[in-house]
Amino acid sequence: MKEKKIRSLEAVHYHVMLLPTLILLAIFSIYPTLGSIMAFKYFDPIEGIWGSPWAGLDHFKMLFQIPEFKQITINTITISLIKIILNISCALAFALLLHEIKKRWFKRSVQTIVYLPFFLSWVIMAGIFKDFFSIDGLINGIIHRLSGGEPIMFFNSNTWFMIIVYVTDVWKGFGFNAIVFLAALTAINPNLYEAADVDGASRWAKLVNITLPSIKGTIVLILILSLQGILSGGFDQIFNLYNPLVYQVVDIYDTYIYRMGFQSNQYEFATAVGLFRSAVAFIFILISQWLAKKYGEYKVF
């Protein structure tokens, strides 16, 4: 009986500790979702959200009829998929190379340096990259000195802008995934490598038959968790870098919602787009849960 009372008392303490987090979650995450009803109304600022007349599915019908819908859908999925592939592959390759280094001080120093950009916001990073790639910036200055060529308008070219988007995203974020992969690599039993050395296995053979199979679960986990944000596309990065000249290739759901809601004041239509995006994202979460259970042999939640 005493043990049961102690356990119940501990449970109460844990729930009390969790209470502030639940209150903040309810205020800032759950309560605001009630505003999604605006997607089904003709919003009248005087009447308010609840007093505005019902619109039914009119805003959703308009969403599927506008010519921009197909383009922003393609842009969002394409950008997200390429970012996921590049981030995971670059982080994995870097972790494998860094894992081969024997000097611990050098390994930790490099690991810290590549991880630092992860803590910088895209507001700061965008300002730095705009200065670097502007017409009179560092990159164009180097091009002019080396070849005497004309300056390149990186942020006005669809091709160059997309290259900048992918390269800067990988540069900023791959350090985090690399640390996760390094942690998984250090957990591999060293006896496997010793046995492979005795058998005369090459580095490539050890990589294919020992290293990659041993961290397969970690790779699958990061890939599956990345799928849940496939409809985000990286709003912070794109919003701080893009301009109207590259809307065709880089405009995504989040940037389109921002412009419709805060610049065009079409609040109900922007809410409808956001609600549709959330519904599709929820489907991807369910798919990622199924993939995690089938291929990762565990559950995400």
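Listed by first and then second residue, the pairs linking a residue in region 245-270 that is over 16 Å from M62 (Cα atoms) and open to solvent by 10 Å² or more (accessible area, probe 1.4 Å) to a residue that is of a type in the set (G, A, S) and part of a loop (DSSP other than H, G, I, E, B), with Cβ atoms under 9 Å apart and 6 or more places separating them unless they lie on different chains, are L245/S157; D254/S232; D254/G233; D254/G234.
Residues considered: F129, F154, F181. Of these, the only one that is modelled with pLDDT of 80 or more and either on the phi > 0 side of the Ramachandran plot or in contact with a Phe, Trp or Tyr (Cβ under 6 Å, 6 or more places away or on another chain) (or both) is F154. Considering every residue within region 77-99, establish whether at least one is more than 27 Å from L221 (Cα to Cα), open to solvent by less than 50 Å² (accessible area, probe 1.4 Å) and hydroxyl-bearing (S, T, Y). The answer is no; no qualifying residue exists. Take the residues in region 134-185 that are out of contact with any Lys or Arg (no Cβ under 8 Å at 6 or more places or on another chain) and of a type in the set (D, E, K, R); name whichever of them is nearest to F94 (Cα to Cα). Only one residue fits best here, namely K172. So is V110 open to solvent by 30 Å² or more (accessible area, probe 1.4 Å), under 24 Å from the mean Cα position of the chain (by Cα) and not hydroxyl-bearing (S, T, Y) or not? Against the criterion (open to solvent by 30 Å² or more (accessible area, probe 1.4 Å), under 24 Å from the mean Cα position of the chain (by Cα) and not hydroxyl-bearing (S, T, Y)), V110 qualifies. So for region 208-228 (the condition being assigned to a helix (DSSP H, G or I), more than 24 Å from the chain's Cα centre (by Cα) and in contact (Cβ under 8 Å) with a residue 40 or more places away in the chain), does at least one residue qualify? Checked against the condition, which is being assigned to a helix (DSSP H, G or I), more than 24 Å from the chain's Cα centre (by Cα) and in contact (Cβ under 8 Å) with a residue 40 or more places away in the chain, region 208-228 yields at least one hit.
Out of all the residues in region 186-231, which are touching a Lys or Arg at 6+ places or on another chain (Cβ under 9 Å) and open to solvent by 40 Å² or more (accessible area, probe 1.4 Å)? Outline the logic, then answer.
Quick first cut of region 186-231, residues touching a Lys or Arg at 6+ places or on another chain (Cβ under 9 Å) only: 192-193, 196-197, 226, 231.
Of everything in region 186-231, those that are touching a Lys or Arg at 6+ places or on another chain (Cβ under 9 Å) and open to solvent by 40 Å² or more (accessible area, probe 1.4 Å) turn out to be L192, Y193, D197.
Here's the yes/no breakdown for (1) closer than 30 Å to N158 by Cα; (2) outside the structural domain of V165 (by TED's automatic domain parsing):
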site	(1), (2)
I30	no, yes
I37	no, yes
G48	no, yes
E68	yes, no
A95	no, no
Q111	no, no
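Counting only helices (runs of 4 or more DSSP H) wholly contained in region 1-91, the ones carrying 3 or more residues that are modelled with pLDDT of 85 or more and under 30 Å from K172 (Cβ atoms) occupy 2-25. Note on region 147-184: residues that are over 10 Å from N87 (Cα atoms) and aromatic (F, W, Y) amount to 5.
Scanning region 70-93 for residues that are more than 17 Å from the chain's Cα centre (by Cα) and either more than 30 Å from F276 (Cα to Cα) or not assigned by TED's automatic domain parsing to the domain that holds M162 (or both) yields a single hit, A93.
Can you tell me which residues in region 44-75 are β-branched (V, I, T) and surrounded by 11 or more Cβ atoms within 10 Å (Cβ to Cβ)?
Applying the first criterion (β-branched (V, I, T)) to region 44-75 yields 46, 49, 66, 72-74.
Scanning region 44-75 gives I49, I66, I72, T73, I74.
Given the structure, is I101 assigned by TED's automatic domain parsing to the domain that holds Q237 and part of a loop (DSSP other than H, G, I, E, B)? Explain how you work it out, then say what you get.
Values: assigned by TED's automatic domain parsing to the domain that holds Q237: yes; part of a loop (DSSP other than H, G, I, E, B): yes.
Yes; evaluated as a whole, the condition is true for this residue.
Only a single criterion out of (1) assigned to a loop (DSSP other than H, G, I, E, B); (2) out of contact with any Ser or Thr (no Cβ under 8 Å at 6 or more places or on another chain) is not satisfied by Y256, namely (1).
All told, V198 falls short of being assigned by TED's automatic domain parsing to the domain that holds I84, modelled with pLDDT of 85 or more and farther than 13 Å from L96 by Cα.
The values are calculated or read from the model by the stated rules, or taken from the named source; none is laboratory data. Quantities reported herein were computed from a predicted structural model and do not represent experimental measurements. Note: ideal-geometry Cβ built from the backbone for every residue, glycine included; neighbour counts use all protein chains shown. Ligands, DNA and RNA are stripped out before the accessible areas are found, and what is left, the full protein with its side chains, is counted by its heavy atoms. Shrake-Rupley method; radii C 1.70, N 1.55, O 1.52, S 1.80 Å.
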